[in-house]
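This report refers to the structure that appears directly beneath it.
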Amino acid sequence: MVKSDRWIERMARHYGMIEPFEPELIRKGKVSYGLSSYGYDIRVADEFYIFTNVHTVVVDPKNFDERSFVHHRGDHCIIPPNSFCLARSVEYFRIPRNVLGICIGKSTYARCGIIVNVTPLEPEWEGYLTIEISNTTPLPAKIYANEGIAQLIFLESDEIARTSYADRRGKYQGQRGISLPRVER
């Protein structure tokens with residue numbers, strides 16, 4: 001069942017599910033973020049890894065070359081045409097064992113051709129969320145740091161997960177910054 005604003009606020013305040021937590025939807029002059037009716041709009045931090053083909057490396061999830069990205073920190077990020085960047089959430093998450101979070105893009109950005117990859121937040125996953133933001137347009141696209149980038153929807157199960165992300169010792173557990181792709185060997 002999709003969880004309401006009251007449930008999300010209770011879980012954030014009592015269990016530290018979302019930190020920092022904004023109990024209202026902040027909108028004036030910003031891409032909105034904070035608590036909404038049936039979700040939570042997360043913000044993007046001010047650090048970005050912008051994809052580049054300057055070094056003409058092969059993109060390989062099993063052997064990822066960090067030279068594929070240009071690091072940028074600032075109050076906004078310009079994503080090149082038909083490219084993408086990685087960023088992280090401002091918020092730190094602690095997902096309960098009986099909850100699944102689903103990250104989806106905001107319509108404000110989608111209407112500009114800027115798409116956020118759908119990402120699950122698995123039971124007992126913890127960390128800052130690494131966010132992939134694609135610019136599907138033939139023009140440069142601007143993303144604003146410390147403003148809304150995506151919405152999380154939370155689904156609560158009436159059963160506890162048999163094996164959680166923490167139990168599996170998931171490779172992205174406890175992320176502190178932007179995490180690049182990796183395959184365990």
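No value in this document is a laboratory result; all are computed from the given coordinates. For clarity, every value in this text was computed on a predicted model and none was experimentally measured. Every residue, glycine as well, gets a Cβ built from its backbone with ideal geometry; the counts of neighbours run over all protein chains shown.
Here are some notes:
- Dipole orientation for the stretch 1-137: of the candidates Pro80, Tyr109, Asn98, Tyr109 has the Cα lying most toward the positive pole (charges on Cβ; Lys, Arg +1; Asp, Glu -1).
- Among Met1, Met11, a tally of other beta-carbon atoms within 10 Å of each Cβ gives an order, fewest to most, of Met1, Met11.
- For the chain, the longest principal axis of the alpha carbon atoms and the long axis of helix 5-15 meet at an angle near 90°.
- Amide H within-cut-off set for Ala141, under 5 Å, with H built and near neighbours excluded: Ile79
- Long pairs among Lys30/Lys171; Lys3/Lys28; Lys28/Lys171, criterion Cα-Cα beyond 32 Å: Lys30/Lys171; Lys28/Lys171
- Equivalent ellipsoid, the stretch 74-146 (semi-axes from 5 times Cα gyration tensor eigenvalues, Å): 26, 13, 9
- CD proxy at 222 nm, helix term only [per DSSP H run n ≥ 4: -39500 (n - 2.57); per residue of the chain; nearest 500]: -2000 deg cm²/dmol
- Fewest-first sequence of Ile114, Ile26, Ile133 by Cβ atoms within 10 Å of each Cβ: Ile26, Ile114, Ile133
- With R₀ set to 30 Å, the beta-carbon distance separating Arg111 from His72 gives a calculated FRET efficiency near 0.80.
- Ranking of Val57, Val118 by count of other Cβ atoms within 10 Å, fewest first: Val118, Val57
- Over the chain, Cα pairs under 8 Å with separation of 6+ residues give a relative contact order of 27 percent.
- Relative packing of 80-91, 39-50, which averages over residues the other C-beta atoms within 10 Å, highest first: 39-50, 80-91
- Values (1) 13.5; (2) 12.0; (3) 11.1 are given for comparison; mean projected area of the Cα convex hull in nm², derived from the coordinates here, is the one labelled (3).
- Sparsely packed GluC sites (Glu not before Pro) within the stretch 107-185, loop by DSSP, other Cβ within 10 Å at most 12: Glu159, Glu184
- Added length on full extension, which subtracts the Cα-Cα distance from 0.36 nm per residue, Tyr172 to Thr56: 39.1 nm
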